[in-house]
Amino acid sequence: MIVFMDLFGFGLILPLLPYIAQTFEATPATIGYLTASYSFFQFIAGPILGRLSDRFGRKKLLIISQLGSALGFVILGFANSLPLLFLSRIIDGTTGGNIRVAQAYIADITTKKNRAKGMGLLGAAFGLGFMFGPAIGGYLSQFGFATPAIFATSIACLTSAATAIFLKETVKKSKLDSLIPARTKPNLSVLTKAPLNYFILTFFVISLGFSGMQSTFALLVESKFNWGPREVGYIFALVGIIAIISQIKILPYTVKKWGEKKTLLGSLPVLASGLALMGITRSIIGQVIANTLLPLGNSLINPTLTSLASKNVDQDDYGTTLGFLQSASSLGRIIGPIFASQLFQIFSPSTPFIVSSIIILIVFLFLRDILSPKTSFLTRLFS
């Protein structure tokens, strides 16, 4: 419920950002930097928040991050210049590590056997929030851009209160006491562990492609179909619906039948296909298909990657490890919007989607080589 409410508030704002920025005469490149500013500060804060949640508990960090989101939404709603718009995203990004803290919470309360299912339920809550948020945000935007921002602020405050009242701490007090004199810096040794380091790299690349899509999708469909915030909100709602179905129904089936590694490998080409189709299609039906493939692939990738990563470290480093995943994801979301907006502006609206698809397919080949070396394409190619 907490993740749903949090992503509901985030989803209210997401499809509106390019249009809000355009009211200040922002170029596609500037919109890319605006999107990247959130991720840059999330990248810096991710491992720190993860380590602090290991030390002081998940609950406190979740409450603080939600209040930070509320402050960011308030500033966004009343921003009358681009600098204030950037400030709102910086504040929200700095406290935006709550998803990884929530994943660490799930890792605390699940066993290794059912962890992928637990991460999938978390992803389903993510999808629900992403389904209702953009649709309602797109609708509320007709009353002014401040309206969805104020609504998102209310949601963030409500979520923070619900966390404080209902959520139980999973890091035991005795453990917290024993960790007080311990290190507060992230445990960098987790970065040298294989295959964990490869999972972190994959997270980076997936986020690079997906965030590039998010930052330029509104501009793409505006140029092709003359769509506005309402239509983009409805498409993002479709993405949320597919994400829910994928994580509640499809993920448990594929993990049970083929395991987490094969589920991960099979999902990467699906994601790449969705991105490619999104860029090249000139029909609304094509966009619907693309926005079905994309969340299907992404919704199976994220929980399996997170589950596989958490299984390769001790419980004391759950928060730290997931914080590094957050940072890898954030780094991708820093570079992705800037990279995509430049490709959009210099070449064509379709270019960032096609390039992202190719990059993901390359990562698929290398990850397959690592996880299934006997049957991989690269092994046969270079043997």
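Only one of the listed residues (F217, F199) is closer than 18 Å to G133 by Cα, among the aromatic types (F, W, Y) and surrounded by 22 or more Cβ atoms within 10 Å (Cβ to Cβ). That residue is F217.
Residues in the range 29-49 that are touching an Asp or Glu at 6+ places or on another chain (Cβ under 9 Å) and surrounded by 24 or more Cβ atoms within 10 Å (Cβ to Cβ) were compared, and the one that is farthest from I200 (Cα to Cα) is Y38. Residues of the range 299-316 include at least one that is among the acidic types (D, E) and without any contact (Cβ under 8 Å) to a residue 60 or more places away in the chain. Which numbered condition in (1) among the basic types (K, R); (2) surrounded by fewer than 21 Cβ atoms within 10 Å (Cβ to Cβ); (3) under 16 Å from G9 (Cα atoms) is the only one that R89 fails? Here R89 meets the rest and fails (2).
Checking each residue in the range 237-265 for being surrounded by 17 or more Cβ atoms within 10 Å (Cβ to Cβ) and either under 18 Å from F364 (Cβ atoms) or polar (S, T, N, Q) (or both) picks out S246, Q247, T254, E260, K261, T263, L264, L265.
From the list I338, I354, the lone residue that is at pLDDT 95 or above, in contact with a Gly (Cβ under 7 Å, 6 or more places away or on another chain) and assigned to a helix (DSSP H, G or I) is I354. Within the range 166-174, is even one residue at pLDDT below 60 and either charged (D, E, K, R) or surrounded by 13 or more Cβ atoms within 10 Å (Cβ to Cβ) (or both)? The answer is yes, given that some residue of the range 166-174 is at pLDDT below 60 and either charged (D, E, K, R) or surrounded by 13 or more Cβ atoms within 10 Å (Cβ to Cβ) (or both).
R282 meets all of the listed conditions (1) of a type outside the set (D, E); (2) touching a Leu at 6+ places or on another chain (Cβ under 7 Å); (3) not in a helix (DSSP H, G or I) but one, namely (2). Filtering the range 226-257 to residues that are assigned to a helix (DSSP H, G or I), more than 16 Å from S299 (Cβ to Cβ) and aromatic (F, W, Y) leaves only Y234. Evaluation of A79 against the conditions (1) of a type in the set (A, V, I, L, M); (2) under 17 Å from R333 (Cβ atoms); (3) not in a helix (DSSP H, G or I) shows that the sole unmet condition is (2).
Here's the yes/no breakdown for (1) touching a helix residue (DSSP H, G or I) at 6+ places or on another chain (Cβ under 7 Å); (2) at pLDDT 90 or above; (3) in a helix (DSSP H, G or I):
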position: A124; (1), (2), (3): yes, no, yes
position: L128; (1), (2), (3): yes, no, yes
position: M131; (1), (2), (3): yes, no, yes
position: P134; (1), (2), (3): yes, no, yes
position: S141; (1), (2), (3): yes, no, yes
position: T147; (1), (2), (3): yes, yes, yes
position: S154; (1), (2), (3): no, yes, yes
position: T159; (1), (2), (3): yes, no, yes
position: T163; (1), (2), (3): yes, no, yes
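Are any of the residues in the range 83-99 of a type in the set (S, T, N, Q), at pLDDT below 75 and more than 20 Å from I250 (Cα to Cα)? Yes, there is a match, as at least one residue in the range 83-99 is of a type in the set (S, T, N, Q), at pLDDT below 75 and more than 20 Å from I250 (Cα to Cα).
Exactly one residue out of A102, A21 is closer than 25 Å to G233 by Cβ, at pLDDT 80 or above and in a helix (DSSP H, G or I), and it is A21.
Could you look through the range 105-116, keep only residues that are touching a helix residue (DSSP H, G or I) at 6+ places or on another chain (Cβ under 6 Å) and assigned to a helix (DSSP H, G or I), and pick out the one that is modelled with the lowest pLDDT? Ranking the candidates gives A116 first. Just the residues that are at pLDDT below 80 and crowded, with 24+ Cβ neighbours inside 10 Å, please, taken from the range 296-319. Result: S310, Y318, G319. Entry remark, the range 50-78: residues being within 16 Å of F145 (Cβ to Cβ) and buried (at least 22 other Cβ atoms within 10 Å of the Cβ) number 3 in total.
For the range 80-116, the set of residues classified as without any contact (Cβ under 8 Å) to a residue 12 or more places away in the chain and of a type in the set (A, V, I, L, M) consists of L84 only.
The values are calculated or read from the model by the stated rules, or taken from the named source; none is laboratory data. Just so we're clear, the structure is a prediction, and the values are computed from it rather than from any experiment. Positions of Cβ are backbone-derived with ideal geometry, glycine not excepted, and every protein chain shown enters the neighbour counts.
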